[in-house]
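As structure tokens, the structure follows; a few thoughts come after it.
The values are calculated or read from the model by the stated rules, or taken from the named source; none is laboratory data. Because the structure is a prediction, the values reported are computed rather than measured. Here Cβ is always computed from backbone atoms with ideal geometry, including for glycine, and neighbour counts include all displayed protein chains. To get the accessible areas, we keep the full protein, side chains included, count just its heavy atoms, and leave off ligands, DNA and RNA. Shrake-Rupley method; radii C 1.70, N 1.55, O 1.52, S 1.80 Å.
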Amino acid sequence: MNDDDPVLDNPVGRSLAGRHAALARRLGRAATYLDEVASFCAVSTDPDARDWADLAALLGPGAFADLFSCPAVPPSDWEPVFTLEGRQMIWSGGERPDGAGSESGTGVVELGAESVPEMLDLVRRTEPGPFRPRTHELGTYLGVRVDGTLVAMAGERLRPPGWTEISAVCTAPEARGQGHAARLVDALVARVLTRGERPFLHVAETNTGAIALYERLGFKTRRPVTFRGFRTP
């Protein structure tokens, strides 16, 4: 297994150029997701002035440009919106989790378009990161229901070649401490491995509880990342 796979250095760009191409808008070497799918955008790994101009034209004036973990910084007339330190973690290749056991008899269900209002409400309450009305189209999303109410979820987001990102891991405050997040992540890891791919994820450096959970579940840190957002001129 190649822990230094370069596709992970540009996961947004490689996803938009590959398995998520149908969910992308492009201009030159710049690309972004459809507005209702995700906020992430990408330029080439060695962007020049033309690339930044194309991305600005693609997004429109005064628009939010979520550059995710892109190390390149746009021109000085782009207004900084946020900077967040984090880390990229990858599946360490340990024992494969029992995905069937993670999903059976625990209220774990697949979530589709009909569940979007509940998913958006759960995201609003727990703030796991960006999530939009069509984000679920990026991959499989799983949830846990208790008495019919969605109390936890996790899903697949970025999908560069050979890899699938696990994201939107969240649990309602009243349902925490019951192992829902661990079961959901285990179930997704099992599904990803079954496809012959390898799981990875991103987490804010301040989210020490999530980092500890992911390490217990078999993930290790690949590299630190800095998440950045800007506003176009």
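For this structure, a couple of remarks:
- Farthest toward positive dipole pole in the chain [+1 Lys/Arg, -1 Asp/Glu at C-beta], among A21, A56, F230: A21
- For the pair E36 and Q178 in one chain, pulling the backbone fully straight at 0.36 nm per residue adds 47.9 nm over the alpha carbon distance.
- Förster-model FRET efficiency, 41 Å R0, A53 and D5, C-beta, rounded to 0.05: 0.85
- Degrees between helix 116-126 axis and first principal axis of the chain (Cα, 0 to 90, nearest 10): 90
- Accessible area of the chain belonging to carbon and sulfur atoms, whole % at 1.4 Å probe: 51
- Once both labels are positioned 7 Å from their Cα atoms along Cα-to-Cβ, the gap between S44 and E110 label points is 3.9 nm.
- Annotation for T226 and L84: the two label points, set 7 Å from Cα along the Cα-Cβ direction, are 1.6 nm apart.
- 1.4 Å probe accessible area per residue over the stretch 1-67, in Å²: 45
- Between the entries [x] 60, 40, 32; [y] 46, 42, 28; [z] 54, 39, 32, the label attached to Cα extents along the principal axes in Å calculated for this structure is [z].
- The stretch 58-206: antiparallel DSSP beta bridges as a percent of all, rounded to 5: 85
- Label zone of R134 (point 7 Å out along Cα→Cβ, amide N under 18 Å): in the stretch 156-178 this covers 156-159.
- In the context of the full set of protein chains, the stretch 135-226 has a per residue accessible area of 36 Å² (1.4 Å probe).
- For the chain, the longest principal axis of the Cα atoms and the long axis of helix 180-194 meet at an angle of about 70 degrees.
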